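One structure is given here, and the rest of the page talks about it.
The values are calculated or read from the model by the stated rules, or taken from the named source; none is laboratory data. It should be emphasised that the depicted structure is a prediction, and the values quoted were computed from it without experimental measurement. Here Cβ is always computed from backbone atoms with ideal geometry, including for glycine, and neighbour counts include all displayed protein chains. What goes into the accessible areas is simple: the full protein's heavy atoms, side chains included, and nothing from ligands, DNA or RNA. Shrake-Rupley method; radii C 1.70, N 1.55, O 1.52, S 1.80 Å.
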Amino acid sequence: MRKRTGVAAAGVVVLAWGEWLNRRWSRTLVGDNGGDVEAVVVLGYRNPQPTANFINRWRVRAGIRSITDDGAHDTRVIFSGGTTTSGGVSEAQLMADYARSVLEFGGTVLLEEESTTTWENVTNVIPLLEDVIRIKIASQPAHALKARAYLRRQRPDLAKRLVRADDYRPGEWLIVKPLLALYGLWTLRGLKPDERRTTPG
């Protein structure tokens, strides 16, 4: 009985740790600035098949729900990702198709179809962000943080416009969040200490 209780307690601790770390990442390198022009940048994931894969579908949903839906904001959604197979459709196009045909999104969509890395994602969307007051980057929390850190390195003036996307929700992906946390720790190992600053709240 004690052994089962110990295993259950350990499981709860692991789940709580994954939840806490993903929440923390979602609040790092973002501000709370206002403005009526915003962009939601949705980062693509490796997608060799002809339709959006599971991860890209989730990222699109996270991006769409990140839109400030109050009628007072001019919002554009930017899908970013190049092709992963010779002659294939870009990740950006596959995500846009999913947003329109499945989620019935009718808002402004822009495509960035050249990127094959996160650094390139950031580099190539910068021209689409110059006139934006509020910038949201939607992906898994660790990946989105990595992209925000890259924007801070490339264009610190634009990074000051970063605000939170709705890509973290308590309990969502609960079982796999510890795995996402472990992967996140590995992929974020190159970030500088000041790129790990968490916004209070």
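In table form, for the structure just shown:
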read-out: Pairs where the first residue, in segment 31-47, is open to solvent by less than 10 Å² (accessible area, probe 1.4 Å) and the second is of a type in the set (Val, Ile, Thr) and in a strand (DSSP E or B), C-beta under 6 Å, 6+ apart; value: Glu38/Thr75; Ala39/Ile78; Ala39/Ile135; Val40/Val77; Val41/Ile78; Val41/Ile137
read-out: Residues of segment 150-178 classified as assigned to a helix (DSSP H, G or I), over 11 Å from Asn22 (Cβ atoms) and touching a residue at least 40 places away in the same chain (Cβ under 8 Å), total; value: 3
read-out: Number of positions in segment 106-121 that are open to solvent by 40 Å² or more (accessible area, probe 1.4 Å) and either in contact with a helix residue (DSSP H, G or I) (Cβ under 8 Å, 6 or more places away or on another chain) or not β-branched (Val, Ile, Thr) (or both); value: 7
read-out: One residue from Leu15, Leu94, Leu29, Leu103 being under 24 Å from Glu172 (Cα atoms), at pLDDT below 95 and touching a helix residue (DSSP H, G or I) at 6+ places or on another chain (Cβ under 9 Å); value: Leu15
read-out: Residue among Ala99, Ala147 that is open to solvent by less than 10 Å² (accessible area, probe 1.4 Å) and either farther than 15 Å from Val30 by Cβ or among the aromatic types (Phe, Trp, Tyr) (or both); value: Ala99
